[in-house]
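The values are calculated or read from the model by the stated rules, or taken from the named source; none is laboratory data. A quick note: this is a predicted structure, and the numbers were derived from the prediction, not measured. Neighbour counts run over all protein chains shown; Cβ positions are idealised from the backbone, glycine included.
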Amino acid sequence: MKTFTDSAGRTWTIAVTVDAIKRVEGLIKGVNLANLTAGDPPLLTRLETDVVLLCDVIFALVKPQADQLSVTDEEFGKAMGGDAIMAAHDAFWEELTGFFRQLRRTDTARAIEKQAALVKATVEAIEQRVETLDTSAVIQKALGSSVGSWPGLQGSTPDR
């Protein structure tokens, strides 16, 4: 079992069991954690790229605790900002990977690890591309010419 703390200071425990998988499937149509490679894109990819879906799945996993604390889905979502959702993300994937390893489904555990590596590499590539972006060149390309060469703008001065 893995834990995380939301931004309201509540600690949640994620436990992936058959019961928990059934609960998620019952609460979220089309989400079967036992079959992460199903769908187009696969559920594995959707969970890694759709933060709202991930938050819904995590809430379904911790719903018995939420019910004891009288925390609604909306209240849970409000407490899942930045650091909290990342802590929940990490706890979820670690717990899910452990579940499949214990089932001796190393293929699924490896798929989870590969998906995480792919997302990390993609984010790093995008960050590098953004860092090297020449904003002036992008603007010039979008406009087809520089703003200063537009008819009527040469030699004009703004009214003050």
Discussion item. Restricting to region 16-42, count the residues that are part of a loop (DSSP other than H, G, I, E, B) and surrounded by fewer than 16 Cβ atoms within 10 Å (Cβ to Cβ).
Written reply: 12
Item to complete: For residues that are within 19 Å of residue 11 (Cα to Cα) and either out of contact with any Ser or Thr (no Cβ under 9 Å at 6 or more places or on another chain) or crowded, with 19+ Cβ neighbours inside 10 Å (or both), tally how many sit in region 43-66.
Response: 11
Worksheet item: Given the structure, is residue 111 surrounded by 17 or more Cβ atoms within 10 Å (Cβ to Cβ) and either among the basic types (Lys, Arg) or at pLDDT 95 or above (or both)?
Response: no
Item to complete: State which residue pairs qualify: first residue more than 15 Å from residue 96 (Cα to Cα) and at pLDDT 95 or above and inside region 22-44, second residue of a type in the set (D, E, K, R) and surrounded by 15 or more Cβ atoms within 10 Å (Cβ to Cβ) in any location, beta carbons under 9 Å apart, and separation of 6 or more residues or different chains.
Response: 27/56; 27/63; 28/56
Worksheet item: If residue 144 passes every condition in (1) modelled with pLDDT under 85; (2) at negative phi; (3) of a type outside the set (A, V, I, L, M); (4) out of contact with any helix residue (DSSP H, G or I) (no Cβ under 6 Å at 6 or more places or on another chain) but one, which one does it miss?
Response: (2)
Worksheet item: Of the conditions (1) assigned to a helix (DSSP H, G or I); (2) of a type in the set (S, T, N, Q); (3) more than 17 Å from the chain's Cα centre (by Cα), residue 45 fails just one. Which one is it?
Response: (3)
